[in-house]
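Let me begin by presenting the structure, written as C-alpha cells, before commenting on it.
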C-alpha cells in the first residue's frame, strides 16, 4: 500500500508548474482567448510540446514517452490550475487513448501518433455525451462517435458552426457530418470499450483539472483577503472570511485522494474504474464550485468583474463541471453501483 | 503509487477477522455510560488484551503488536465490520498513550501502558473548565507544587467517561502567577484520590456520559507529571493533534455507518423515495465515507515516509463530524415518525449481525462538531496555519 507519488512524478509536476507560471500567465491567456478567433496559440503549443506534454501518452515506438494515466493526473491538476484550454487534453490524452488502441497496422495510427507527440497536430474528439465538439476549426483530425463506431475525418469533411461559450477559453462547435465506409476506422464491437475508456479518462482529466481550478480560486481568494483592508485591517483576519476559505480547503483536501484513487483504478483497468472516476469528478467538481462561490464572495464587487482573473477560472470550473458527463450522469453511475444487490461497500472495500 | 495490500497485510486481516468472529459478544453490550455496561466494556478490553488486540500500534513489550498505521487501519476495518463493542478506553489507548510514548519517562511508560492495554486502568480526560472551553489557555484549575506533591484545587468539566473511570489526564496551572498557555503542567490523577468529587452530567440520551470534577486539596505525587513542569501546553497540543488527526475517529466507523444507511434506505425505498433528496444524501454519505478513508490512507502513507501531521488534522475533524451528521440525519429522515422512538426493533435488522441504533447515533453526532475542538476553532486553525491568513 503506497498512496504517494514517486519523486520522478512529483519532480515532473513541479517542472510543469514552473513552466506554466512563466509561459501561461493569466494576462497572456486572456490575450489569446479574447483577441484571436481560434483562441489557441501555435507558439504556446510548441512550448508545451517542448515540455513533453504532447508526447506523454504516445508510446516510444511512435516518438512519445509512454507515460501512464497516473502521470497525467498530476499534469492535469497543473493544467487546471493554470487554465490551459481543452485542446491539449483532447489531442494528447483523449485522442491518443483511441489511437493507441487501434490495430497496429492501421496507417492512420502510424501517421498521426508521431505528429501529436511532436505537437504538430491537434485532434478533436466528439462523443454525444457532449452536445458540442471542442476546437474543430483548429483540428487537423477529428475522431467522432457514431453508434459506438469510431470515424476519422478531416476538418473539411465536416460542417462546423461555432457556438460561443461564456468561458472565453472554450471554442465549441455544432458539427454536421456523414459517416461512411471510408471514414470508419473502428467497428462498434471494438469501439464500444474504447469509447467507454475514453469517457473514463475524460472524466478523470476533468476531475484533476477541477481540483487544480479549486486550488487556483482558493489561492486568489486568500491573496485578496490578505491584501484588501476594511475597518483598518485585512479582511482575511475576520472569522467569517477565514471560514469561507477554510471550507474550500477542507473540500479540496478530501477530493484529492478520491481523484488519485480513480487514477490508479484507470491505470490498472480495475472493474471499479468507471464508478471511481465518476466519484472523483463529483468530489472535485464540488470543491471547484464551492471555491468559485466562496472566492467571488471574498473578492466582493471585484469578483463580479471581467477585470479580476477569478472569472477566468470560475467560468472554466462551471463549464468543466458539466462537460464529459454532468453531475446527473456521474451521480447515476455512482448510485447504480452503491444500490446494486450485493455491492461491495463498507470497511475493507475501498481498494477492491 | 500502489493501492493494493501486501500478502502480509492480507494475512493480518484474516488473523484479526477470525479472532473477532470467535470473540465478539453475540449480544451487544450495554452502553458504557451505565455502571454495568462500563464493567462489561472493561472486560471486553481485557479480552482484547488477552489476544494482544487492545493496542495494536504499541510496541510488543508494552502489550501491543508494533503495527504500522496501515495495519492499524486494517484492524479498525475488521473491528467495525464485525460490529465489535465501542472502546471504553479510547481516551487512554488512542490519545494518552501516544503522548506518553513521546513525552513519558521509561518508568511512566512501564507503570501506565500495560495496565491501560489490559483495561485495568480506564482513562478520562480533564481539559475543559467552566471558564475554559474553546479558550483552553484560560485554564484556572491549580496544581501547586508542595515538596514531592502537587496540590490540586479547582474544577474540570465535560470529562468524558469520568463517572466510572480510574484515572484522569489533563492540564493544570502549576504556576499560580502565570497566564494563558504558560505555566501549565500535564498531570495524571487517580480519580479515587481523597478530595475529588465527581458529579455525573446527563447527556442528550439521559445517561451520564460525562462529569464535572471538583478538586479540593487533592495531593498527587510529582512523578505523575508528564513532561517538564510548565510545559504542559505543548504536550496537550500533541494530544489534541492525535485526537483530531488519525486515531480518534477511524474511517471504518463511518464506512460501516454509511453501509448500514444504504441498507436502511434499500429496505425502505417504498417510503424514502417520496423525498428524492434522500437518495442523494445516501449516495453522498457513501462517497464521503470513502473520501475520508482515502484521505486517511494517504496521510498514513505520508507519515510512513517521514511526513508530519499538521493542520490537515483540523480538516479531518471537520470532515468526519459533518459526515457523521449527514449519515444520521439521513437515517432519521428515512425513519420518519419512528425516528424519535427510543427502541425500534424493526430497524435492528442486520448485515453480518450488525445492528445500529440510529437514534443514539443521531444524538451522538450532534456532539461531533463541538468536542475535540469546535469546528469553528478548526476553521481558524486551517485559515491561519494552512492558508496563512492573518490572526484577528
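The values are calculated or read from the model by the stated rules, or taken from the named source; none is laboratory data. Just so it is clear, the model here is predicted, and its values are computed rather than measured. Don't worry about glycine lacking a Cβ; one is built from the backbone with ideal geometry, like all the others, and counts go over all protein chains shown.
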Is there any pair with a first residue in segment B:364-392 that is within 10 Å of chain A (Cβ to nearest Cβ) and touching a residue at least 40 places away in the same chain (Cβ under 8 Å) and a second that is surrounded by 17 or more Cβ atoms within 10 Å (Cβ to Cβ) and in a loop (DSSP other than H, G, I, E, B) whose Cβ atoms are under 7 Å apart and which are 6 or more apart or on different chains, and what are they?
-> B:375/B:369; B:381/B:311; B:382/B:311; B:386/B:311
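Does residue A:246 count as farther than 22 Å from residue A:21 by Cβ, at pLDDT 95 or above, at the interface with chain B (Cβ under 7 Å from one of its Cβ atoms) and buried (at least 24 other Cβ atoms within 10 Å of the Cβ)? Steps first, please.
Details: farther than 22 Å from residue A:21 by Cβ: yes; at pLDDT 95 or above: yes; at the interface with chain B (Cβ under 7 Å from one of its Cβ atoms): yes; buried (at least 24 other Cβ atoms within 10 Å of the Cβ): yes.
Yes: the conditions hold for residue A:246.
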Select from segment A:65-80 the residues that are surrounded by 24 or more Cβ atoms within 10 Å (Cβ to Cβ) and either away from chain B (no Cβ under 14 Å) or under 14 Å from residue A:284 (Cα atoms) (or both) and list them in ascending order.
-> A:73, A:75, A:76, A:77, A:78, A:79, A:80
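So, in segment A:85-118, of the ones that are part of a loop (DSSP other than H, G, I, E, B) and free of Cβ contacts under 8 Å to residues at least 24 places away in the same chain, which residue ends up farthest from residue A:201 (Cα to Cα)? Step through it out loud before you land on a result.
Here is the first cut: in segment A:85-118, the residues part of a loop (DSSP other than H, G, I, E, B) are A:85-86, A:101-106.
Still in the list and also free of Cβ contacts under 8 Å to residues at least 24 places away in the same chain: A:103-105.
Numbers: A:103: 20, A:104: 22, A:105: 25 Å.
Among those residues, the one meeting the criterion is A:105.
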Identify the residue in segment B:1-35 that is under 30 Å from residue B:163 (Cβ atoms) and not in a loop (DSSP other than H, G, I, E, B) and, among all such residues, is nearest to the other protein chains (Cβ to nearest Cβ).
-> B:20
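Table: residues versus (1) within 10 Å of chain B (Cβ to nearest Cβ); (2) touching a residue at least 60 places away in the same chain (Cβ under 8 Å); (3) surrounded by 20 or more Cβ atoms within 10 Å (Cβ to Cβ); (4) not in a loop (DSSP other than H, G, I, E, B).
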position: A:259; (1), (2), (3), (4): yes, yes, yes, yes
position: A:269; (1), (2), (3), (4): no, no, no, no
position: A:277; (1), (2), (3), (4): no, yes, yes, yes
position: A:283; (1), (2), (3), (4): yes, yes, yes, yes
position: A:294; (1), (2), (3), (4): no, yes, yes, yes
Scanning for something closer than 30 Å to residue B:43 by Cβ, surrounded by 21 or more Cβ atoms within 10 Å (Cβ to Cβ) and touching a residue at least 24 places away in the same chain (Cβ under 8 Å), does segment B:139-156 turn up at least one residue?
-> yes
Do you know which of the residues in segment A:318-337 that are within 7 Å of chain B (Cβ to nearest Cβ) and either surrounded by fewer than 19 Cβ atoms within 10 Å (Cβ to Cβ) or farther than 27 Å from residue A:2 by Cβ (or both) is farthest from the chain's Cα centre (by Cα)?
-> A:335
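Among the residues of segment B:266-304, write down those that are in a helix (DSSP H, G or I), more than 8 Å from chain A (Cβ to nearest Cβ) and touching a residue at least 12 places away in the same chain (Cβ under 8 Å). Steps first, answer last, please.
Of segment B:266-304, the ones in a helix (DSSP H, G or I) are B:266-267, B:269-272, B:276-304.
Now narrow it down to the ones that are more than 8 Å from chain A (Cβ to nearest Cβ): B:267, B:269-272, B:276-278, B:281, B:284-285, B:289, B:296, B:299, B:303-304.
Those that are in a helix (DSSP H, G or I), more than 8 Å from chain A (Cβ to nearest Cβ) and touching a residue at least 12 places away in the same chain (Cβ under 8 Å): B:267, B:271, B:272, B:278, B:281, B:284, B:285, B:289, B:296, B:299, B:303, B:304.
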Residue match in segment B:115-136 (condition: in a helix (DSSP H, G or I) and modelled with pLDDT under 95) = yes
What are the residue pairs meeting all of these: first residue in segment A:5-26, first residue free of Cβ contacts under 8 Å to residues at least 24 places away in the same chain, second residue surrounded by 12 or more Cβ atoms within 10 Å (Cβ to Cβ), Cβ atoms under 8 Å, and 6 or more apart or on different chains?
-> A:6/B:1
With respect to residue B:168, is the statement that it is surrounded by 18 or more Cβ atoms within 10 Å (Cβ to Cβ) and within 26 Å of residue B:64 (Cβ to Cβ) true?
-> yes
